[in-house]
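Participant: Quick one: the structure is below, questions incoming.
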Amino acid sequence: MRAVRIDAFGGPEVLVEVEVPDPVPGPGEVLVRVAAAGVNRVDALVRAGVYHRAGRPPLIPGAEASGVIAGVGEGVADLAVGQRVIALDGGKSPGFYAESAVVPATQVVALPDGVALTEAATLPIAWLSAWYCVRHLARVGKDDTVVVKAAASGVGTAAVQIAAETGARVIALAGSAEKAAWAGEFGADAVVDTSAHPGDAEVDEVLRLTGGRGAEVVLDTVGGAAFGRSLREAGPGGRVVALANVALEPSTIDTRDFYPKNVTIHGFQLTNLQLQGYDPRADLRELADRVAAGAYRVPVETVLPLAQARAAHERLENRTNRGKIVLAVGDVD
């Protein structure tokens, strides 16, 4: 089968199309013929060799996909050959930058009618992360004000919509006027262009928009220096969720920015949550059903063939995309 493999850690140029043997499902596993694979920041970290679960080359990246079940292993009773599904990386190689992948059945759910395969391929990472953080960690409700950072990103556009559906007031932060305006199209009540409000000015603007009180919830998808600002933007009894560090730099914080306000800090990483026993299937099913019902819009900006995985990573790391990047591996119609 065709696959994109990493034979040595490095930049996008190390992504090379190769032929590899077809995988075979074992007990408790299913074989998925991949239709589309989502392109995520975690894929770039794996490629660069700086992700904690990357393993060693050669390896095939890709943490989320949509496709059709082509085989089931012993003991799999609730999934059948021919079903359209979405799948989340189960920690085995090969990943989803391949025509086929073997996945634990506990990481796969049937896809409801009405969800395109290209859209479905983006749900198991960014959307599930946003869903878990909004619904389970921050427990967002209708009386909350929610600040979403990097709101034009995959996680950001998902979080804006999921929070808005609860009835919460959403303030979307993005790094340019264009991205801020675009994030506002997904249900945000207010938008902030952080390039026009850098550093402390960002905090001042959030406090202004919240009448000086601060937000009940801050979803920090940026990390680095932004995390210190998130603590200052949270109001009394607020919840701050740290779910990324795309800045790839340390965060320096002052404990006086959160403990006097009784602010709770939640850390979140989906892959480690899985290692701790999290079963994603119920959340993925509910999320996919909400998409099928038209409750959410899943923005897919760029669809590239598998052979152009390098170009997909270059676009991801240039941060010029609005919405998700997807690799078309098989039939996505």
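Each reported figure results from applying straightforward, stated rules to the coordinates on display, with no laboratory input. Source: prediction; values computed, not measured. Heads up, the Cβs are rebuilt from the backbone with ideal geometry, glycines too, and the neighbour counts pull from every protein chain shown.
Participant: Give me the net charge for the shell around Leu284: Cβ to Cβ below 14 angstrom, other residues only, Lys and Arg +1, Asp and Glu -1.
Facilitator: Numbers: positive: Arg84, Arg135, Arg281, Arg285, Arg290; negative: Glu64, Asp78, Asp89, Glu119, Asp279, Asp283, Glu286, Asp289.
Charge balance in the 14 Å sphere: -3.
Participant: Hey, another quick one. For the residue pair Asp143 and Glu19, what label-to-label distance in nm results when each label sits 7 Å from Cα along the Cα-to-beta-carbon direction?
Facilitator: Label-label distance for Asp143 and Glu19, simple model: 6.5 nm.
Participant: Which whole-angstrom value gives the distance between the alpha carbon centres of the range 107-147 and the range 5-70?
Facilitator: The distance from the Cα centre of the range 107-147 to that of the range 5-70 comes to 22 Å.
Participant: Residue farthest toward the positive end of the dipole of the range 1-141, with Cβ of Lys/Arg at +1 and Asp/Glu at -1: which of Gly11, Ala126, Pro61?
Facilitator: Farthest towards the positive pole: Ala126.
Participant: Then there is this: Calculate one ³J(HN,Hα) per residue across the range 272-282 by plugging θ = phi - 60° into the Karplus curve 6.51 cos²θ - 1.76 cosθ + 1.60, and present them in order as whole Hz with x for glycine and proline.
Facilitator: The phi angles translate into 5, 4, 4, 4, 8, x, 5, 9, x, 5, 4 Hz.
Participant: Residue by residue, what Karplus-based ³J(HN,Hα) values in Hz, rounded to whole numbers, does the range 20-34 have, using 6.51, -1.76 and 1.60 with θ = phi - 60° and x for Gly and Pro?
Facilitator: Listing the rounded values in order: 9, x, 5, x, 10, x, x, x, x, 10, 10, 9, 10, 7, 6 Hz.
Participant: May I pose another question? Treating the angle as unsigned and between 0 and 90°, give the value, to the nearest 10°, between the Cα long axis of helix 200-209 and the longest Cα principal axis of the chain.
Facilitator: Roughly 80 degrees between the two axes.
Participant: Long-range amide H contacts for Val300: which residues qualify at under 5 Å (H placed 1.01 Å from N, peptide plane, sequence gap of 5 or more or a different chain)?
Facilitator: For Val300, whose amide H was placed from the backbone, the distant partners under 5 Å are Lys324.
Participant: Would you mind counting up the charge near Ala164? Only other residues with Cβ under 12 Å from its Cβ, with Lys and Arg at +1 and Asp and Glu at -1. Before the final figure, lay out each step's value.
Facilitator: Working: positive: Lys142, Arg169, Arg297; negative: Asp144, Glu165, Glu185, Asp189.
For residues surrounding Ala164, the net value is -1.
Participant: Could I ask something else about it? For the chain, find the longest principal axis of its Cα atoms and tell me its angle to the long axis of helix 154-165, 0 to 90°, nearest 10.
Facilitator: Roughly 60 degrees between the two axes.
Participant: What ranking of Leu128, Leu209, Leu327 emerges when the number of other C-beta atoms within 10 Å of each C-beta is taken as an exposure proxy, fewest first? Can you show the working numbers first?
Facilitator: Numbers: Leu128 23, Leu209 19, Leu327 27.
So the ranking, lowest neighbour count to highest, is Leu209, Leu128, Leu327.
Participant: Return a whole-number percent for the relative contact order of the chain, with Cα pairs under 8 Å and 6 or more residues apart as the contact set.
Facilitator: Details: 801 pairs, mean separation 61.3, N = 333.
Relative contact order comes out at 18 percent.
Participant: Mind checking the dipole of the chain: about its Cα centre, +1 per Lys or Arg Cβ, -1 per Asp or Glu Cβ, Debye to the nearest 20? Walk me through the intermediate numbers first.
Facilitator: Values: 31 positive and 40 negative charges, 101 e Å.
That gives the chain a dipole magnitude of about 480 debye.
Participant: Residues with amide H under 5 Å of Ala215's amide H, sequence separation 5 or more or different chain, H placed in the peptide plane at 1.01 Å from N; which?
Facilitator: Ala234, Gly235
Participant: Here's something else I'd like to know. Take the eigenvalues of the Cα gyration tensor for the range 263-333, scale each by 5, and report the square roots as semi-axes in whole Å, largest first. Don't jump to the answer; show the numbers that get you there.
Facilitator: Values: eigenvalues 141, 73, 43 Å².
Whole-Å semi-axes of the equivalent ellipsoid: 27, 19, 15.
Participant: Further question on the same structure: Considering only the other residues whose Cβ falls under 9 Å of the Cβ of Ala63, what net charge follows from Lys and Arg at +1 and Asp and Glu at -1?
Facilitator: Values: positive: none; negative: Asp43, Glu64, Asp89.
Computed value for this residue: -3.
Participant: Still on this model: At 37 °C and 0.692 mPa s, what whole-number value in µm²/s does Stokes-Einstein give for the translational diffusion of the range 128-271, with Rh from the Kirkwood sum over Cα pairs? The partial results should precede the final answer.
Facilitator: Details: Rh = 14.4 Å.
Here the translational diffusion coefficient equals 227 µm²/s.
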